[in-house]
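Chemist: Structure in structure tokens, see below.
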Amino acid sequence: MPEPGRKIDMSSFDLLIKNGTIITMDSGLSKKRWIAVKDGVIKALGDTDDYPDSVKDVVDLGGRALVPGFIDTHVHSSMTGIGQMGIDLTGINTIQGILDAVQDHCDKDPSDKVVCGCNMLTQDYIEEKRMPNRYELDEVSGGHPVMLVLWTAHGGTMNSGAIKKAELTDEMKAVEKDGYFNEDKIAMHIIGNIYNLMSDSDFEEIYINLSEKCASQGITTLHSLDGMMVKNDRDTDILLRIIDKLPIEFVNYTQTFDWQKILGYGLKRIGGCLCVDGSPPQITAAYQEPYPIAPHTRGFLNFTDKELYDFVTATSKAGMQTGFHAIGDRAVDQIMNIYQQVDKEIGIRHLRHRIEHFSVPTDRHIEMAAEMNIICAAQPAIGNMLDGPSGNGFESFVTKEKAQIHENFARVMKGGVVVTGGSDSPVTKIDALFGINAAVNAFNPARRVSLTDAIKMYTLNAAYAAHQEKEKGSLEVGKQADMIILSKDPYCPDVCSDLTTVAIEETFRKGKSISRRRSGQGSAP
């Protein structure tokens, strides 16, 4: 910031953005009038209009807003891209509707290439209360191996051609009956083998298209949960090969227990959806009490304490940040106790281990997470989607009391835990403003957070979660110039109450535009 009354020589800067509301998200939550960039780094900010115009590139906000680049902390990149290349089954709630979508897609492709669908509803939301079976899919697939994955990404169904290519083990032979798979271990095996049928060029195209899509949504950094969903973590290998050519930054979290391999890549992050439990709509998330809609089960824990302990101990000793998927309170309890045991033995607080979802923590779990500096990687749009405008959608899975604290990240924040924001794409769309709006204007008032806390989830907190808080997350001198122009100031009351009215107008990474400016919004001469 310049001294009062002193002009800064701006001629040596590459970019000046002025004449609007610059929301810095710094420790004082200050707002500025202009920002100057050199070599991709923020060099100066100002409170007044006291600056010259002799800069290489000048962007006049014209009263619009500038915020730090958004960071999505939970994206299944390869799965998202494969779904975009295949069949989007969002909202189709009949067997015939699903079969029609498959036939329409397959009829347009005369090859025998594998076809994948995503975002299929679970059977409780399909009119016939079941999935399409292998024989029904055979009739419409035109010789293609076809696999349809549920919106939860923890199960699906496939035709006979896909069954032949899924390399089922003896314990998985029951899947052959109707093609339906639900249990986590089996699902990850099948999905991994089918997705592995994609070519290297397919995966490269996936990452290129995904990064361009993210840029258009104001996302400058993406925590990419790769591996596991593709056999032998092949998608990770391809991503690392092209990562420096992509317009946004991919922070890789490989979902594997082979920590030595990941360390050999030079990476110090591992995990993500290493699933301690499953998914509530599939009745596989692990709760302390039975499901109200399925009293015969409490869901499932996927690993023994010893398996988790050995892995967390090894990765922590290697200085690796580790993340696990844990939704139900029984799953949260298991992984939190493992983290606590390893913390007492060797110390883990500096590593910022993560729990993805952290959906139903007890007060004790929240205290433990705050004490051990465990990151909660949340997805506010999922909770809002399950609630909907008609009521609390979690009452099918847990008691009414627990349904109120399910996905209640305001409560987690109040307990001192760092909470980040993500999409869990393809579960919900990659759109940080959509997630922020879901957190601020949730259908259930109990799940609402302040606008500032919601933006922090996708900026400052997200940067901290990846040990990048010195580089990004706020607009401050010395940090990367990752920035977004918004069509409106989100802090205006009429805007804050409906953030869906805000548009992403331009995205910058390291001071360079990575999304096309709309007509009439070009740089000033």
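Chemist: Counting only residues that are outside any helix (DSSP H, G or I) and out of contact with any Phe, Trp or Tyr (no Cβ under 7 Å at 6 or more places or on another chain), how many does the stretch 239-284 have? Talk me through it step by step, then tell me what you get.
Modeler: Taking the stretch 239-284 and keeping what is outside any helix (DSSP H, G or I), we get 246-258, 265-279, 283-284.
Next cut, out of contact with any Phe, Trp or Tyr (no Cβ under 7 Å at 6 or more places or on another chain) only: 247-256, 258, 265-268, 273, 275, 279.
The number of residues fulfilling the criteria is 18.
Chemist: So how many residues does the stretch 39-51 have that are touching a residue at least 60 places away in the same chain (Cβ under 8 Å) and either of a type in the set (S, T, Y) or surrounded by fewer than 18 Cβ atoms within 10 Å (Cβ to Cβ) (or both)?
Modeler: Taking the stretch 39-51 first, the residues touching a residue at least 60 places away in the same chain (Cβ under 8 Å) are 39-45.
In the following step, the residues that additionally are either of a type in the set (S, T, Y) or surrounded by fewer than 18 Cβ atoms within 10 Å (Cβ to Cβ) (or both) were identified as 39-41.
Here the count works out to 3.
Chemist: Evaluate the stretch 261-274: report whether one residue or more is outside the structural domain of I82 (by TED's automatic domain parsing) and closer than 25 Å to F434 by Cβ. Full working, then the answer.
Modeler: First, the residues of the stretch 261-274 that are outside the structural domain of I82 (by TED's automatic domain parsing): 261-274.
Within this subset, residues satisfying the condition of being closer than 25 Å to F434 by Cβ are 272-273.
Yes, the conditions are met somewhere in the stretch 261-274.
Chemist: Collect the residues in the stretch 208-234 that are touching a helix residue (DSSP H, G or I) at 6+ places or on another chain (Cβ under 6 Å) and part of a helix (DSSP H, G or I), keeping them in residue-number order.
Modeler: Correct list: L210, K231.
Chemist: Quick one: how many residues across the stretch 376-391 are part of a loop (DSSP other than H, G, I, E, B), without any contact (Cβ under 8 Å) to a residue 60 or more places away in the chain and within 23 Å of the chain's Cα centre (by Cα)?
Modeler: Residues meeting the conditions: 1.
Chemist: When the residues of the stretch 302-344 are narrowed to those that are of a type in the set (D, E) and closer than 18 Å to S359 by Cβ, which ends up surrounded by the most Cβ atoms within 10 Å (Cβ to Cβ)? Lay out the reasoning, then the answer.
Modeler: Filtering the stretch 302-344 for residues of a type in the set (D, E) gives 305, 307, 310, 329, 333, 343.
Add one more test, that the residue is closer than 18 Å to S359 by Cβ, and what stays is 329, 333.
On the way: D329: 23, D333: 21.
Among residues in the stretch 302-344 that are of a type in the set (D, E) and closer than 18 Å to S359 by Cβ, the one surrounded by the most Cβ atoms within 10 Å (Cβ to Cβ) is D329.
Chemist: So which residues in the stretch 371-392 are farther than 30 Å from G91 by Cβ and either of a type in the set (S, T, Y) or surrounded by 15 or more Cβ atoms within 10 Å (Cβ to Cβ) (or both), if there are any at all? Lay out the reasoning, then the answer.
Modeler: Within the stretch 371-392, the first condition is being farther than 30 Å from G91 by Cβ, and the residues that meet it are 371-375.
Within the stretch 371-392, M372, N373, I374, I375 meet the criteria.
This table checks each residue for (1) of a type in the set (V, I, T); (2) within 26 Å of A153 (Cα to Cα).
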{"residue": "R354", "(1), (2)": "no, yes"}
{"residue": "E371", "(1), (2)": "no, no"}
{"residue": "N392", "(1), (2)": "no, yes"}
{"residue": "I405", "(1), (2)": "yes, yes"}
{"residue": "P426", "(1), (2)": "no, yes"}
{"residue": "A442", "(1), (2)": "no, yes"}
{"residue": "A446", "(1), (2)": "no, no"}
{"residue": "K456", "(1), (2)": "no, no"}
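Chemist: If you don't mind, another one. For the stretch 220-270, enumerate the residues that are touching an Asp or Glu at 6+ places or on another chain (Cβ under 8 Å), crowded, with 18+ Cβ neighbours inside 10 Å and over 19 Å from I82 (Cβ atoms).
Modeler: T220, T221
Chemist: When the residues of the stretch 287-338 are filtered to those that are assigned to a loop (DSSP other than H, G, I, E, B) and free of Cβ contacts under 8 Å to residues at least 24 places away in the same chain, which remaining residue is farthest from A403 (Cα to Cα)? Quick ask: steps written out before the conclusion?
Modeler: Quick first cut of the stretch 287-338, residues assigned to a loop (DSSP other than H, G, I, E, B) only: 287-290, 292-293, 295-304, 318-320, 327-328.
Imposing the further condition that a residue be free of Cβ contacts under 8 Å to residues at least 24 places away in the same chain reduces the set to 290, 295-297, 304.
Numbers: P290: 13, P295: 16, H296: 19, T297: 17, T304: 27 Å.
If we take residues in the stretch 287-338 being assigned to a loop (DSSP other than H, G, I, E, B) and free of Cβ contacts under 8 Å to residues at least 24 places away in the same chain, then T304 is farthest from A403 (Cα to Cα).
Chemist: Any residue in the stretch 184-200 that is hydroxyl-bearing (S, T, Y), modelled with pLDDT of 95 or more and either part of a helix (DSSP H, G or I) or surrounded by fewer than 17 Cβ atoms within 10 Å (Cβ to Cβ) (or both)? Write out each step before concluding.
Modeler: Going residue by residue through the stretch 184-200, those that are hydroxyl-bearing (S, T, Y) are 195, 199.
If we keep only those that are modelled with pLDDT of 95 or more too, we end up with none.
No, the stretch 184-200 contains no residue that is hydroxyl-bearing (S, T, Y), modelled with pLDDT of 95 or more and either part of a helix (DSSP H, G or I) or surrounded by fewer than 17 Cβ atoms within 10 Å (Cβ to Cβ) (or both).
Chemist: Hey, any hits in the stretch 67-83 for a residue that's at pLDDT below 95, part of a strand (DSSP E or B) and over 21 Å from I504 (Cα atoms)?
Modeler: No, the stretch 67-83 has no match at all.
Chemist: Could I ask something else about it? Taking A215 as meeting all but one of (1) hydrophobic (A, V, I, L, M, F, W, C); (2) within 19 Å of N133 (Cα to Cα); (3) in contact with a Pro (Cβ under 9 Å, 6 or more places away or on another chain), write down the number of the exception.
Modeler: For A215, the failing item is (2).
Chemist: A follow-up question, please. Right, I484: outside the structural domain of P380 (by TED's automatic domain parsing), aliphatic (A, V, I, L, M) and touching a residue at least 40 places away in the same chain (Cβ under 8 Å) or not? Walk me through it before giving the result.
Modeler: Values: outside the structural domain of P380 (by TED's automatic domain parsing): yes; aliphatic (A, V, I, L, M): yes; touching a residue at least 40 places away in the same chain (Cβ under 8 Å): yes.
Criteria met by I484.
Chemist: From the residues in the stretch 209-246 that are of a type in the set (K, R) and more than 16 Å from the chain's Cα centre (by Cα), which one is modelled with the lowest pLDDT?
Modeler: From the stretch 209-246, those of a type in the set (K, R) are 213, 231, 234, 241, 245; that's our starting set.
With the extra rule that they be more than 16 Å from the chain's Cα centre (by Cα), the set shrinks to 231, 234, 241, 245.
Working: K231: 91, R234: 95, R241: 96, K245: 96.
In this case the residue turns out to be K231.
The values are calculated or read from the model by the stated rules, or taken from the named source; none is laboratory data. Quick caveat: nothing in here was measured; it's all calculated off a predicted structure. Every residue, glycine as well, gets a Cβ built from its backbone with ideal geometry; the counts of neighbours run over all protein chains shown.
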